[in-house]
Structures are given as structure tokens and as C-alpha cells.
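The values are calculated or read from the model by the stated rules, or taken from the named source; none is laboratory data. Small disclaimer: the values here were computed from a predicted structure and weren't measured. FYI the Cβ positions are ideal-geometry reconstructions off the backbone, even for glycines, and counts take in every protein chain you see. When the accessible area is computed, the model is the full protein with side chains, heavy atoms only, and any ligands, DNA or RNA have been set aside. Shrake-Rupley method; radii C 1.70, N 1.55, O 1.52, S 1.80 Å.
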Amino acid sequence: MANESEKELAGRAAAQLVRDGDVVGLGTGSTAHFAVLALGERVKAGLKIVGIPTSVDTGNLARSLGIPLTTFDEHPAIDIDIDGADELDAQLRMIKGGGGALLREKVVASVSKKMVVIADSTKVVTTLGKFPLPVEVVPFARAVVERKLISLGATPKLRPKRNGQPYITDNGNYILDSSFGKIKDPQAIALALSETAGVVEHGLFIGFASVALIGRGNSVEEIPRKS
Ligand code: 5RP
């Protein structure tokens, strides 16, 4: 079971890595929430940063805490991105998108000098794939992408909202939560999905993370990227 205090420890530790003047990628999800809260406290205490949020929810939270926001027009590069993960392995390959923000999360990660992944200890796995891989698709292409996912060995399920209607991302798309069981070759699946027309983005994040901070019991374990 995910552990709230481990999430908070990881989130707070990551917020301490932010320096005056940084452009900060603000992640989405319950662990990133703790990092944004801690950054809000630091901003109140005088830290000067600007943030680029990875979702409407995170933008609203940051605004409510007084964290100034910016855009890629003003700041095309990000100094440090702090974001959660649904699963990560020893090579810091990840599944993300449980919170539905994978597209903006990947755009932010792609222009970040440093990506700090924060998670509780339940997220660390030997092989990715137990967590269904979120795949964001344009509504028009849902059936096409579903068939492609099945051909790749997955069982896709259209993510529902609480009212039973399809969940709609911040970008107006659907999400197919795709159970693979075990993803033996994440790079090959990532490539196949990137080449599928109608896929806007998938939740495999490979080669983005610089370091992971994992809340484990009462401490934070640091997993560096092995190059
Ligand atoms: C949102 C994400 C989150 O980072 C991921 O789902 C982890 O969330 P949480 O910290 O709540 O477990 O990718 O799209």
C-alpha cells in the first residue's frame, strides 16, 4: 500500500534541491502535491522561483500557494523538474500518467536539465508493467489504438470518470489504461506506441530521470541514474 508519510518525505526532500532563480517543473499527483506544498512554504520564506505546472490541478495549487507561474514562451528550459511515478525500475525507467497528466509531464521532463522523481517505496519494481500503462489517445482514434495495444500484448481499458463517462485529459483526449503484466522490453513498446497514429503520448518515461528520491520508512533513499 502506498504510504503517505513516505510520499511527504520524498516530496519535501526534492523541494530542498530547488535554488533561488530556478525555473521549476511542477509535477502532478499525490507525491508531487507534497513537493509543491513545500515549495510554497519556501516561496513564502523568500525563495525566488517560477514554476511550469504539468496539469491544471497543479497550476491551481501553485497559484493558491503564491508560487509564480510562467510559460515556455518566457522560459523555454527548466532547471529542475520534480514529479512522481506510478512505477520505476533500477534504471529509473518509469510508468507515469496514473493522474492523467502524462503528456504535459513528458513535455516538461523533455526540456528539464534535471528531473527528480519522487515516490514512496511501493513504486520501486524489478520489471515495469504491473501498473497499467496510460496511453493518451485522440478520441477519434480510440478503436484503432486499442487494436494496436492488443497486438502488442496489452489489455486496454478506456479510463472512466466517476460518472461513467470517459475521463478527459487537460488536453481534451482519452486515456487507455493498458495492462501488460510485465513489460520485458520497455524501449520497444515505447517506440511502437510513439509510431502509432492517434497516440498523443504514452506513460513510458525512459531516459528522463536524473535521480529518484524514494521515501522508505523514516528516511529518503537516493537512487542515482546509472549511465
Ligand atoms: C500523474 C503522474 C503521477 O506522477 C503518478 O501517477 C504518481 O502519482 P502519485 O504520486 O499520486 O502516486 O504520473 O499523471
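Stretched out straight at 0.36 nm per residue, the stretch from T127 to D185 would grow longer than its current Cα-Cα span by 19.9 nm. A straight chain from V144 to Q91 at 0.36 nm per residue would run longer than the Cα-Cα distance by 15.9 nm.
Here the range 1-156 is assigned +1 on the Cβ of each Lys and Arg and -1 on the Cβ of each Asp and Glu. Its dipole about the Cα centre then comes out at about 200 debye. Eigenvalues of the alpha-carbon gyration tensor of the chain, scaled by 5 and square-rooted, set the equivalent ellipsoid semi-axes at 28, 20, 16 angstrom, largest first.
Here's the picture: charge each Lys and Arg Cβ at +1 and each Asp and Glu Cβ at -1 in the chain, and of V116, N171, L37 the one pushed furthest to the positive end of that dipole is N171. Of the residues H33, H202, the one with the largest accessible area comes first in the ranking H33, H202, computed with a 1.4 Å probe on protein heavy atoms. Heavy-atom accessible surface of L69, to the nearest 10 Å², is about 60 Å², with a 1.4 Å probe and all protein chains retained.
Straight-line cross-link reach from K184 at under 13 Å between alpha-carbon atoms covers these aspartates and glutamates, not counting any fewer than eight positions away in the same chain: D89. Residues L191, L158, L47 ordered from highest to lowest accessible area at a 1.4 Å probe: L191, L158, L47. For K48, the solvent-accessible surface computed with a 1.4 Å probe is close to 140 Å², ligands and nucleic acids excluded. Taking Lys and Arg as +1 and Asp and Glu as -1, the other residues whose beta-carbon sits under 10 Å from that of G84 total -1.
Over all projection directions, the Cα-based convex hull of the range 4-89 averages an area of 5.6 nm². Modelled label positions at E221 and V111, each set 7 Å beyond Cα in the direction of Cβ, lie 3.5 nm from each other. For the residues F140, F131, F205, a 1.4 Å probe over the protein chains yields an accessible-area ranking, largest first, of F140, F131, F205.
Ellipsoid semi-axes for the range 133-202, based on the Cα gyration tensor and the rule √(5λ), read 20, 13, 10 Å when sorted largest first. Each residue, A77 and K161, gets one label point 7 Å from its Cα in the Cβ direction; the gap between the two is 4.0 nm.
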